[in-house]
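The next block holds one structure in the form of structure tokens; read it before the comments.
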Amino acid sequence: MPPIFKSRKDELKPYFKNQLGSFIFTELSPDFLSAAGLSFLEKVPVPVDQTDLKGFINSGVSTTKIADNMAVVLGSDTHFKHADKYLQYLNKLFDDTLVKVFAGKAQEAFRTGNCRRALAYLRAGMMFRGESLAAMFAYACGCRYWYLDLEGSEEDQELIKILKSEAFFYFDAVTSAYPEFAKGWYYLGYAYVNAGQYQRAQIAWRHYMDAAKVPAASEVYGFAAETEEDIKEIEGRLAELEDPVKLERCAALLQSGDAVGALKILEPYSQTGYSKWWPLHFYLATAYRQLGYEKEAVEGFLKVLQLSPSNADAMDALAELYAKAGDAEKSEKYSNKAKLVRSQNGSGQ
């Protein structure tokens, strides 16, 4: 079963505070609620956009507008006090197609650059039907779209991290719950590549190739079948992964203590285009370290930091190597750097 969205910790909530500030919460009259069959909303404050306040006072607000406002509130705060009542309202008035309505509204908001509003609608879809493919896939794609839009922004690094985690989590949930849906594997493969997990990316894209051969599977869920262009794209990606997967397997050799076996695979790559790939130098330095070639190990981990300046694991290794060599000043320098990196982004990379 897919994870229950509203039961998860809402790390994105702080980024939606401003949207809630645009609403005034007011109670609807008991007579209106009774006549509309909505008595369960009695004494429950419903959101009215401040721009609609005059119209609300004069003639009220339509049920669809109330639903739209509730959606933005639910998507801004998934643990909102009256979330269950709002969901009861949405369930009374709408069927499963509401998820696609929210997705459409999200697309419009993304087009105008209002990513927060867009993702609020997609989060509302998750609150409404979080177990459905349409809701999960749209939400994962929305998170991906937003973090790609933010890439390069130093001040948004924490938000980017959360969005990447959410996209990754839900693309994985999609493939677990709907393994026949090709597009889930397509995006999960890219998520693994971006995380430097090449063997898992290879597995995901092989699943994609199998699922793409059954076009009816996507059509059942209302999505277009994969195109020849999509399939050729992933065929190319799989070919590109052959060397990264081989290099990643060296990590397993190093973990088992077979540094000699790892070096036989790794050293030839240092004379290729992979010489600018930080994982290669990390694996090489680790192998040298295991074999006692500490000078080469230090040079290797320093090379890692040239290519990946925030790599805390390389900093840890340098701190230990310098300590062993009796260079307390450099050991402390890299130890402190590693602590600083982890305090800033919680990552070892």
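Return the residue satisfying two criteria in turn: it lies in the stretch 307-323 and is part of a helix (DSSP H, G or I) and small (Gly, Ala, Ser), and of such residues it is nearest to residue 246 (Cα to Cα).
The selected residue is 314.
Counting only residues that are within 17 Å of residue 94 (Cα to Cα) and either in contact with a strand residue (DSSP E or B) (Cβ under 7 Å, 6 or more places away or on another chain) or of a type in the set (A, V, I, L, M) (or both), how many does the stretch 34-46 have?
Within the stretch 34-46, residues that are within 17 Å of residue 94 (Cα to Cα) and either in contact with a strand residue (DSSP E or B) (Cβ under 7 Å, 6 or more places away or on another chain) or of a type in the set (A, V, I, L, M) (or both) number 3.
Hey, can you tell me all the residues within the stretch 227-251 that are hydrophobic (A, V, I, L, M, F, W, C) and at pLDDT 90 or above? Can you show your working first?
So in the stretch 227-251, the residues hydrophobic (A, V, I, L, M, F, W, C) come out as 231, 234, 238-239, 241, 245, 247, 250-251.
Those that are hydrophobic (A, V, I, L, M, F, W, C) and at pLDDT 90 or above: 231, 234, 238, 239, 241, 245, 250.
Residue 268: assigned to a helix (DSSP H, G or I), assigned by TED's automatic domain parsing to the domain that holds residue 308 and surrounded by fewer than 14 Cβ atoms within 10 Å (Cβ to Cβ), yes or no?
Judged against the criteria, residue 268 is a match.
Specify which of the listed residues (56, 40, 25) is part of a helix (DSSP H, G or I), over 16 Å from residue 126 (Cα atoms) and at pLDDT 90 or above.
On inspection, the qualifying residue turns out to be 40.
Specify the residue that is surrounded by the fewest Cβ atoms within 10 Å (Cβ to Cβ); the eligible residues are those in the stretch 173-201 that are farther than 20 Å from residue 230 by Cβ and under 13 Å from the mean Cα position of the chain (by Cα).
Taking the candidates together, the pick is 195.
If you check 257, 326, which single one turns out to be modelled with pLDDT of 95 or more, outside any helix (DSSP H, G or I) and either on the phi > 0 side of the Ramachandran plot or in the same structural domain as residue 201 (by TED's automatic domain parsing) (or both)?
Going through 257, 326 in turn, the sole match is 326.
Within the stretch 181-189, is even one residue touching a Gly at 6+ places or on another chain (Cβ under 8 Å), under 25 Å from residue 308 (Cβ atoms) and either part of a helix (DSSP H, G or I) or not assigned by TED's automatic domain parsing to the domain that holds residue 99 (or both)?
Taking the stretch 181-189 and keeping what is touching a Gly at 6+ places or on another chain (Cβ under 8 Å), we get none.
Taking every residue of the stretch 181-189 in turn, none turns out to be touching a Gly at 6+ places or on another chain (Cβ under 8 Å), under 25 Å from residue 308 (Cβ atoms) and either part of a helix (DSSP H, G or I) or not assigned by TED's automatic domain parsing to the domain that holds residue 99 (or both).
Please find, within the stretch 226-264, the residue that is nearest to residue 190 (Cα to Cα) out of those that are surrounded by 12 or more Cβ atoms within 10 Å (Cβ to Cβ) and among the basic types (Lys, Arg).
Per the criteria, the residue is 237.
Exactly one condition in (1) in the same structural domain as residue 189 (by TED's automatic domain parsing); (2) surrounded by 14 or more Cβ atoms within 10 Å (Cβ to Cβ) is not met by residue 300; state its number.
All conditions pass for residue 300, except number (1).
For the stretch 139-180, which residues satisfy the criterion of being in a loop (DSSP other than H, G, I, E, B) and within 19 Å of residue 113 (Cα to Cα)?
151, 152, 153
Which of the residues that make up the stretch 111-123 are within 17 Å of the chain's Cα centre (by Cα) and free of Cβ contacts under 8 Å to residues at least 60 places away in the same chain?
115, 118, 121, 122
What about residue 334, is it closer than 29 Å to residue 189 by Cα, touching an Asp or Glu at 6+ places or on another chain (Cβ under 8 Å), in a helix (DSSP H, G or I) and not assigned by TED's automatic domain parsing to the domain that holds residue 192? If you could, list the steps in order and put the result at the bottom.
On the way: closer than 29 Å to residue 189 by Cα: no; touching an Asp or Glu at 6+ places or on another chain (Cβ under 8 Å): yes; in a helix (DSSP H, G or I): yes; not assigned by TED's automatic domain parsing to the domain that holds residue 192: yes.
In short, no.
Answer yes if at least one residue in the stretch 218-225 is surrounded by fewer than 16 Cβ atoms within 10 Å (Cβ to Cβ) and modelled with pLDDT of 90 or more, and no otherwise.
The answer is no; no qualifying residue exists.
Among (1) surrounded by fewer than 17 Cβ atoms within 10 Å (Cβ to Cβ); (2) in contact with a Ser or Thr (Cβ under 7 Å, 6 or more places away or on another chain); (3) closer than 15 Å to residue 5 by Cβ, there is one condition residue 93 misses while meeting the rest; what is its number?
(3)
Look at the stretch 286-306 and say how many of its residues are touching a residue at least 24 places away in the same chain (Cβ under 8 Å), in a helix (DSSP H, G or I) and over 37 Å from the mean Cα position of the chain (by Cα).
Selection size over the stretch 286-306: 1.
The values are calculated or read from the model by the stated rules, or taken from the named source; none is laboratory data. Predicted model, so just to flag it, every value in this text is computed and none were measured. FYI the Cβ positions are ideal-geometry reconstructions off the backbone, even for glycines, and counts take in every protein chain you see.
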